[in-house]
Amino acid sequence: PLSPAAVVGAGLGGSAAAYFLQQHFGPQVQLDVYEAAGVGGRLATVTVNKQQYESRGASIHALSLHMQDFVKILGLKHRREVAGKSAVFSGEHFVLEETDWYLLNLFRLWWHYGISFLRLQMWVEEVMEKFMRIYKYQAHGYAFSSLEELLRSLGGEAFVNMTQRSVAESLLEVGVTQRFVDDVIAAVLRSSYGQSVLVPAFAGAMSLAGAQGSTWAVEGGNKLVCSGLLKLTKANVISARVTGISLHSSEGRALYQVHYESTEGQGSAFYDMVVVTTPLHPSRSNFTFENFDPPIADFPGAFQPSVTSVVHGYLNSSYFGFPDPKLFPFTSILTTDTPDLFFHAMDNICPVNISAAFRRKQPQEAAVWRVLSQQPLDKHQLKTLFRSYYSVQVTEWQTYPRYDAAKALPPVVLHENLFYLSGVEWVASSMEMMAVAAKNVALLAYNRWHQDLEKIDQKDLMHKVKTEL
């Protein structure tokens, strides 16, 4: 039987991995989860006027089946939707505005962009439909030892290629116009990944699916999923930063020594199995692997710096061409890829606890806005966006992979029972992708531990799963 196992990191990937490991190996597994900062990772909140607001990772796509499951199992609730309109700003004017009337929106898109809109939808739907096969495979216990194998089983070589070529290239190929790519696609990718239309097609498709589908969030904050899963698995959360892992063997079996630093000083512990869910890129962690032969190679690629500013203040609507703030109709502003635009997106955000009496602030009132940018905003830039403000809370992080720098996808298996989860972000980065990867790693670990090789990297799974049903 598997005895102690360790998970490094208590963000969504780590807490989901702990939950799935326990689900497959059984409740007798001792689970240690190491977390240096705080449970929830990037799913953090900031407080303004005694209310909490999501600082990042805010919306979850309707088709996120693992996330839906977690919420159900943990007895959490969906946050109440507060309607609002969005628009795309070019730095000078709005290139696209949403109206109250859905049909008019469609007509506007159609009028501006012709058939591009339809071609985009068909392209995204086709990708999503194939991606959804993963839930069936996982329900049947199938796992994949690499991200390439996982993608191949869902959409063949075409899916693997989608991690190597840009979303712009793929969309132009299916007949979407350059203008639509520049106005609409660029704006969505800037607001979700803070990057251009050069992000890979697969990551782009996932982000575009979120932009056009219905999305939801967790009442009380998305990070409650992480703390909830860790409580449910009764995992032992150790507040420490893992500095490295060294390999030992005992009775012919690999044994991993996890080295860590906490406020009490340095320590280490031995495990049969380790799942690393923190990014192993040099820019993100200085993690060492010792005694591995062959050595565990360096992880290529870099992370994109991104800044979230949560501003409590009065919007300067005249910057957006609305001299009378009462008439400003938008709660969410996306931007095109214009050289002098200093922010990627901004939205008028609601607290994580929305009471029945809650109403959104009128545009002329002070509201809480979340501004996403690449660099911290200077005084002049804040004054451009806001007439005046009470407070600004800035979070700087390396949230997403720098997608244009992606070459090969990172490995999932680092050693016999040593696994790496966050490599999945190089395919696409979202809460659900982390959950899918966590389930895959848990199944892979379980199937390898029990030598059930029939369940790993199986070819022609669509056929197998149909006959199993």
*Too long at a 29 Å Cα-Cα cut-off: which of LYS72/LYS130; LYS231/LYS459; LYS223/LYS466; LYS234/LYS407; LYS50/LYS379?*
LYS231/LYS459; LYS223/LYS466; LYS234/LYS407
*For the chain, what is the percent of antiparallel DSSP beta bridges, rounded to the nearest 5?*
70 percent
*Using only Cα atoms, what Kirkwood radius does region 192-349 have, in angstroms?*
20.9 Å
*If one computes the Cα centroid of region 68-141 and of region 281-356, what distance in Å separates the two points?*
19 Å
*Given region 336-443, what whole percent of its Cα pairs are spread farther than 21 Å?*
59 percent
_Globularity index of region 260-397, i.e. its alpha-carbon radius of gyration over 2.2 N^0.38 Å_ = 1.53
*asked:* Amide H of GLU219 versus every other amide H placed in the peptide plane: which residues, excluding those fewer than 5 positions away on the same chain, fall under 5 Å?
replied: LYS77, HIS78, ARG79
*May I have the extent of the alpha carbons of region 27-137 along their three principal axes, as whole Å values ordered from largest to smallest?*
60, 46, 25
_Largest-first ellipsoid semi-axes for region 98-142, taking √(5λ) over the Cα gyration tensor eigenvalues, angstrom_ = 34, 12, 5
*Accessible area (Å², per residue) of the chain, counting only protein heavy atoms and a probe of 1.4 Å*: 44 Å²
*Derived scalar couplings ³J(HN,Hα) [region 390-395; Karplus, 6.51 cos²θ - 1.76 cosθ + 1.60; whole Hz; x for Gly, Pro]*: 8, 8, 9, 10, 10, 10
*Could you tell me which of SER86, SER388, GLN398 has its Cα farthest along the dipole of the chain towards the positive end, charges placed at Cβ (Lys, Arg +1; Asp, Glu -1), taken about the Cα centre?*
SER388
*When the C-alpha atoms of region 142-241 are aligned to their principal axes, what extent does each axis show, in angstrom, from largest down?*
51, 33, 28
*asked:* Compute for the chain: radius of gyration divided by Kirkwood radius, i.e. Rg/Rh, restricted to C-alpha atoms, rounded to two decimals.
replied: 0.97
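Which value, in Å to one decimal place, does the Kirkwood hydrodynamic radius take for region 58-98 when every pair of different Cα atoms is included?
Evaluated on region 58-98, it is 13.2 Å.
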*With the full set of protein chains in place, find how many percent of the accessible area of the chain is carbon and sulfur; take the probe as 1.4 Å.*
53 percent
*Plugging the Kirkwood radius over Cα pairs into Stokes-Einstein for region 118-182, at a temperature of 4 °C and a viscosity of 1.567 mPa s, what D comes out in µm²/s?*
99 µm²/s
*How big is region 208-265 in terms of Cα radius of gyration and Dmax, in angstroms?*
18.9, 54
_Using each residue's phi in region 144-155, evaluate 6.51 cos²θ - 1.76 cosθ + 1.60 at θ = phi - 60° and report the 3J(HN,Hα) Karplus result to the nearest Hz, with x for Gly and Pro._
10, 8, 8, 5, 4, 4, 4, 5, 4, 5, 8, x
*Karplus-derived 3J(HN,Hα), 6.51/-1.76/1.60, for each residue of region 333-344, Hz, glycine and proline x*: 10, 9, 10, 7, 7, 10, x, 8, 7, 9, 9, 8
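The values are calculated or read from the model by the stated rules, or taken from the named source; none is laboratory data. Since we're looking at a predicted model, the values are computed, not measured. In this analysis, Cβ positions are derived from the backbone assuming ideal geometry, glycine residues included, and neighbour counts consider all displayed protein chains. Ligands, DNA and RNA are stripped out before the accessible areas are found, and what is left, the full protein with its side chains, is counted by its heavy atoms. Shrake-Rupley method; radii C 1.70, N 1.55, O 1.52, S 1.80 Å.
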